[in-house]
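Working notes, beginning with the structure itself.
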Amino acid sequence: MSSYYQHHVFFCLNQRDSGEACCGNHNAAKMQEYAKKRCKQLGIAGGEGRVRINKAGCLNRCELGPVLVVYPEAVWYTFVDEQDIDEIIESHLLNGKPVERLMVDR
Ligand code: FES
């Protein structure tokens with residue numbers, strides 16, 4: 001069975017007040033919004049066969065955060081700023097080439 005979306009991206013946006021590690025402390029919400037906006041601008045966002053950027057709760061890799069994961073490839077990334085998000089979008093989402101330097105599992 002093939003994947004409904006060409007790439008389905010989940011950003012962990014979990015925010016904890018307890019002081020424990022969480023992606024919400026690392027600009028995750030802003031970067032998710034940015035990714036969504038960029039994919040729209042680039043014309044790759046949409047329904048079946050296209051790219052979808054979603055918010056997620058804790059993905060249970062908090063110490064490595066902020067994290068996002070791209071399916072169906074199941075490639076996990078961390079990121080710092082808009083340049084990192086741009087690189088993931090341009091290389092992985094547009095050209096199918098995962099970005100080694102931002103991968104969490106190497
Ligand atoms: S808080 Fe993001 S993976 Fe747990």
**Only listed residue being under 9 Å from the mean Cα position of the chain (by Cα) and among the β-branched types (Val, Ile, Thr), chosen from 104, 69** = 69
**Hits in region 14-38 (condition: within 10 Å of the ligand (Cβ to nearest atom) and within 14 Å of residue 77 (Cα to Cα))** = 23, 26, 28
**Message:** Being within 15 Å of the ligand (Cβ to nearest atom) and at pLDDT below 95: is that true of residue 57 here?
**Reply:** no
**Fill in**
Just one listed residue, out of 68, 94, is touching a residue at least 40 places away in the same chain (Cβ under 8 Å), under 29 Å from residue 2 (Cβ atoms) and not in a helix (DSSP H, G or I), and it is 68
**Request:** Kindly indicate which of 63, 82, 87, 48 is under 18 Å from residue 105 (Cα atoms) and away from the ligand (no atom under 16 Å from the Cβ).
**Result:** 87
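Each row is one residue, and each column tells you yes or no for (1) surrounded by fewer than 18 Cβ atoms within 10 Å (Cβ to Cβ); (2) assigned to a helix (DSSP H, G or I); (3) in contact (Cβ under 8 Å) with a residue 24 or more places away in the chain.
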{"position": "11", "(1), (2), (3)": "no, no, yes"}
{"position": "21", "(1), (2), (3)": "yes, no, yes"}
{"position": "36", "(1), (2), (3)": "no, yes, no"}
{"position": "40", "(1), (2), (3)": "yes, yes, no"}
{"position": "52", "(1), (2), (3)": "no, no, yes"}
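The values are calculated or read from the model by the stated rules, or taken from the named source; none is laboratory data. Here the structure is a predicted model, which means the values were calculated and not measured. Every residue, glycine as well, gets a Cβ built from its backbone with ideal geometry; the counts of neighbours run over all protein chains shown.
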